[in-house]
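As C-alpha cells, the structure follows; a few thoughts come after it.
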Amino acid sequence: MIDHPAYPVEPWALRETELHLDMVAQTESVFALSNGHLGLRANFDEGEPRALSGTYLNGFYESYPLSYGEGGYGFAEDGQTLLNVTDGKLIRLLVEDEPLDVHRGRLERHERVLDLRAGQLEREVHWRSDAGHAVRVTSRRLVSFQKRSVAAISYEVEALEVPMRVALQSNLLANQRDVPSGNDPRDATALDGALVSQLSVQNGLRVVLAHATRRSGLALAAGMEHVIETDAVTTTRVENEPDLGRVTISARLDPGQRLRLVKLLAYHWSSQESVEWLRDQVDASLENAVAEGFDRLAAAQRTYLDVYWALADIELDGDPEIQQALRFALFQVLQASARVENRAIPAKGLTGSGYDGHAFWDTEAFVLPVLTYTRPELVRSALTWRHSTLDLARERARQLGLGGAAMPWRTIHGEECSGYWPAGTAAFHVNADVADAVRRYLSATGDEQFAREMGCDLLVETARLWASLGCEDDDGHFRINGVTGPDEYSALVDNNVYTNLMAQRNLLSAAACVERDPDTATRLGVQPDEAATWRAAADSMYLPYDDRLGVHPQDQDFITHERWDFEATPADGYPLLLHRHYFDLYRKQVVKQADLVMALFVRGDAFTAEEKRRDFEYYEALTVRDSSLSACVQSIVASEIGHLDLAYDYLGEAALMDVDDLERNALDGVHIASLAGAILAVIAGLGGMRDHGDVLSFAPRLPDGLERLAFPIVFRARRLRVEVTPLQAVYSVHEGDEPLEISHWGESIEVKPGAPVTCPITPAPRLPAPTQPAGRAPARRRVQG
C-alpha cells in the first residue's frame, strides 16, 4: 500500500487515517469510484483542496483539431478528449459562519476507507472551527453497479459539545476549471468551457442541468435529488443557473443531534436524443433511486460484489501488501468494465483524464485476458464496441492503401486520434491484439452466436489487413515491414517479432473461423483461395534470428544498433521520453517496455525453453520499464524461465504501480492495464497458466516467501479452482457438471466435479540472475540470504 504510516495494509480495504495534502492527487485517483459508465474521482465532498476534479461518462468527449507544423496526407485530423462533466459530488458545510475547510480551524480526525467488498468510499471527519464549534461529518459515496446511471451520497453532520446552526450546500456544477498538470505528453488536453448550457430546471429539491458539446455533437443531462433526514427544523433554498444548481439546507442542531442528507445523482447522454428526452431519463433514474433509497442501493452494491469476488478473488498468503494490491487491482478492473455496455475501456478507466480518456491496445492485450476468465460477458461487450467501429477502421485502411480494417492506435469514438503516426498508425499490432482477444474469448466460451455475428468479422478484416500489409520476399518468406511494435523506443522497423507472430495467429484464426462457418464466409465475401492465402502467409511468416548471439532480434535490425549508454544516464533522466529526442532513442538498443519478451509470453508456443531463457536474459539488460505495461510481462516470463525472485520483484512493481505511485503520475488516473497485468503476473506467472490452444495449461511455482496461491478460472461454463503451495498444486471444478481437461507441467489431466486432482510442482532450475540496466533493477520483495 502507499508507503506512508497513514495508509495501513489490510486485506479488503484501502484506508487513509490522516490527511496529507501532498497525497491528494494520488488518492483522488486511487480512491475513485466507477462502474464503467460513470466515474467519480475521490475529490473531497467540499470540493477543495483538489488536484483534479473529475466526473466522467464513458464515451462522452469533445473533439478538437490536431495541429501540425507540417501536415501530410492521412494524418489524423481531430483529437478526442474525455470531458469532465457536470460535478454532482459537491456538498459544502457551513458551521455558523465558517466553512468546513481543512486549511482552517483544526482537523481533529480524518479517515477515508475504500471498501472493496461494499464498493463504497467512506469518510469520517472531526473538525473544530476557529470559533470552537466542533462537528463530526460522516459521508458514504457509491457509483451503482446495479443502476448504471446512478451515484449516491449519504452525508451526515453531527453537532458536538454546543448547539450550532449549520448549512449544507449541495451543488451541481458544470465547466469546473482545473490547473493543467504540466508538459507530460501523457496528460489530458485541457478544453475550457467545453459544455454549452441547453437546459436548467428545478422542482422541489431536484435540479437538472443539460449541456451539449461544441464540436462532437453530444448532449448530456445531469440531475440531483435530495432526501433530508433529521428531527431538527430545517429551511431550504433551491437555485439554478445555466452551469449551476444549488440546494441549501439550514438547521439548528443541539449536541448529539444529526442532519443527514442523501444526495442522489443521475447522468444520461446521447449523440442522437434531445436534451428534453435526456432530462426525462434523468428524472426517471432519480425517481427510481429515491424509491430504492441509499441503504438499499448500498445493499445491492454489496450483493453484486459478493458474486464478483466469488468468481475473481485471488488469495496470496505470505505477502499482505501484495494481497491487498491484487484485490485493489481486481476491483479497479471491474470498475473500469462492469457497465461499459458496448463502449471502450479507457486506459485510465474513469479514474482520471490521462491519455485523454483513450482506449489503446492494452485493453485487448491485458484487461480482456483477465475478464475472459472471470466475467466473459464483459469481454463480449468490449469486443462488440470494437465491432461497432469496423466501418471507420475499413475507411482508415483504405486511406492507408490497405485492405481489411486498420484499428486506431488510440481513440474514444473509433477514429484514429494519434497525432504522431510513427508510434500510432504504424503500431499495426493493435489489430492482431484485437483478433487475439476474439480468439481467446471464443475458445473460453464457445459463443457461436458472437462468432457468427461479430467475431469472424473482426478476424477476417484484420487478416485482410495483414495480407495487404505484408509481402513475400524472394526466399518465400512473408515479411511485414515498416511497423512499430509494443516498444515505443523503436519505430518503423521491419519484421518486429511480436507483430509477425501475432499477425500469424490472426491469419490462422481467421482462416479457421471461415472454414468452420461457410455461411459467414459467404456473407463476408471470403473465397476459399483467400483463406488459403492467409494460411500460406502464416506458414511462411519471417522470424529473424541472430545465430551469433543465439537470440531473436526484436526486429530484424535491432541488434545492429548501438547499445544505449545506461551507465551515463542519471536516475532523474528517466523516463527517457521526457528527456531524450525520439531520434536518439530509435537508433539505439534501449527498450521502453517488454516487446520481444511480450512475444515470449503471448506466443510462447513459438519458442523453445532455451530460446526463451536466452531471449529474456538479453532483453532484460536493455529494458528500462518507462511504461507501466512492462513489469507485469517481465514477471510472467521470469516465472516461466525459473527466475522466481525476479518474478516476485516485478509482480510487486506491477501491483503497487498506483498505490505507491511508482511513475509519479497517479494524478492522471490509475493504470488499468498495469493492474490487470499484475493479476496476469499471478495467474499466468506464478500460476503458469497459458491458453495457446483449446486446453488450458498450468506450470505453477511459488518464490520463497509466498506460502499459498489460490485463484478461480471460469472456462466453458465451469469454474476451475487452482490452489498452489510450494510442493503441489490442487485443481478442482466447483461449477459445471462435466469434467475439464487441463495440462499440468505438460501432463494431461482430467478434473471431475467433486474430485480434486493433486499434482507435484516441478522445482525451478538454478540459474544465474540476469542483469538490468544500471539503476533500473526492480525493488526487492524479500531480503536475499
For the stretch 580-592, in order, what is each residue's ³J(HN,Hα) by Karplus, 6.51 cos²θ - 1.76 cosθ + 1.60 with θ = phi - 60°, in whole Hz (x at glycine and Pro)? 10, 6, 4, 4, 5, 5, 5, 8, 10, 7, 8, 10, 5
Starting from the Cα of Lys588, draw a straight line to each of the lysines and keep only those under 29 Å, dropping any in the same chain fewer than 8 residues away. Lys612
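Using a probe of 1.4 angstrom, how much of the accessible area of the chain is carbon and sulfur, in percent? Numbers along the way, then the final one.
Details: 13400 of 28440 Å².
Carbon plus sulfur share of accessible area: 47 percent.
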Pick out, in residue order, every one of the trypsin sites (Lys or Arg not before Pro) in the stretch 84-178 that is DSSP loop and has at most 10 other C-beta atoms within 10 Å; say none if there are none. Arg177
Grab the Cα-Cα distance for Ala536 and Tyr68, subtract it from 0.36 nm times how many residues apart they are, and report the gain in nm with one decimal. 164.4 nm
Applying the gyration tensor rule to the Cα atoms of the stretch 241-323 (axes a ≥ b ≥ c; rounded if a/c under 1.5, else prolate if a/b exceeds b/c, else oblate), the class is oblate
At a Förster distance of 22 Å, what's the computed FRET efficiency of Arg721 paired with Glu10, Cβ-Cβ distance as r, to 0.05? 0.35
Filtering GluC sites (Glu not before Pro) in the stretch 1-97 by DSSP loop and by at most 10 other Cβ atoms within 10 Å leaves Glu70
Can you compute the FRET efficiency between Ala232 and Glu18 using 1/(1 + (r/R0)^6), with r the Cβ-Cβ distance and R0 = 45 Å? Round to the nearest 0.05. 0.90
GluC sites (Glu not before Pro) within the stretch 688-785: which are DSSP loop residues with at most 15 other Cβ atoms inside 10 Å? Glu707
Probe 1.4 Å - accessible area at Asp565, Å² to nearest ten: 90 Å²
Helix 609-620 vs. the chain, principal-axis angle (Cα, 0 to 90°, nearest 10): 50 degrees
As a test of the formula, what do you get for the chain when each DSSP H run with n ≥ 4 contributes -39,500 (n - 2.57) and the sum is divided by the residue count, at 222 nm and rounded to the nearest 500 deg cm²/dmol? -8500 deg cm²/dmol
Leaving out same-chain residues fewer than 8 places away, which lysines sit with a Cα under 23 Å from that of Lys263? Lys89, Lys147
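What shape does the stretch 221-367 have by the C-alpha gyration tensor, where a ≥ b ≥ c are the square roots of the eigenvalues, rounded means a/c under 1.5, and otherwise prolate means a/b greater than b/c and oblate the rest?
oblate
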Between the stretch 333-378 and the stretch 1-48, how far is it from one alpha carbon centroid to the other, in angstrom? 21 Å
Could you point to the label whose value was computed as log10 I(q)/I(0) by the Debye sum over Cα atoms at q = 0.06, 0.08, 0.10 Å⁻¹ for the structure here, given (i) -0.49, -0.84, -1.17; (ii) -0.38, -0.68, -1.05; (iii) -0.40, -0.73, -1.17? (ii)
Over what distance in Å are the Cα centres of the stretch 52-117 and the stretch 719-742 separated? 44 Å
Angle check, please: helix 275-312 long axis (alpha carbons) against the longest principal axis of the chain (alpha carbons), in degrees 0 to 90, nearest 10. 60 degrees
Whole-Å distance, taken between Cα centres, linking the stretch 238-310 and the stretch 466-529: 49 Å
Spacing of the two label points (7 Å from each Cα toward its C-beta) at His692 and Arg766, in nm: 2.9 nm
I need to check one value: relative contact order of the stretch 6-129, counting alpha carbon pairs closer than 8 Å and at least 6 residues apart, in percent. 26 percent
Can you tell me the 0 to 90 degree angle between the C-alpha axis of helix 376-388 and the longest principal axis of the chain, rounded to 10? 80 degrees
Search the structure for amide H atoms under 5 Å from the amide H of Thr411, placed 1.01 Å from N in the peptide plane, and list their residues when 5 or more places away or on another chain. Ala359
Which Rg and Dmax, in Å, describe the Cα atoms of the stretch 1-144? 19.1, 67
Taking R0 as 41 Å, what's the FRET efficiency between Asp557 and Asp391 from their Cβ-Cβ distance, rounded to 0.05? 0.70
Checked the stretch 616-658 with the C-alpha gyration tensor, a ≥ b ≥ c its square-rooted eigenvalues, rounded below a/c of 1.5, otherwise prolate if a/b is larger than b/c and oblate if not; verdict oblate
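The values are calculated or read from the model by the stated rules, or taken from the named source; none is laboratory data. Being a predicted model, the structure only gives us computed values, none of them experimental. A quick note on method: Cβ atoms are made from the backbone with ideal geometry, for glycine too, and the neighbour counts reach across all protein chains shown. Remember, those area values only see protein heavy atoms, side chains included, never the ligands or the DNA or RNA. Shrake-Rupley method; radii C 1.70, N 1.55, O 1.52, S 1.80 Å.
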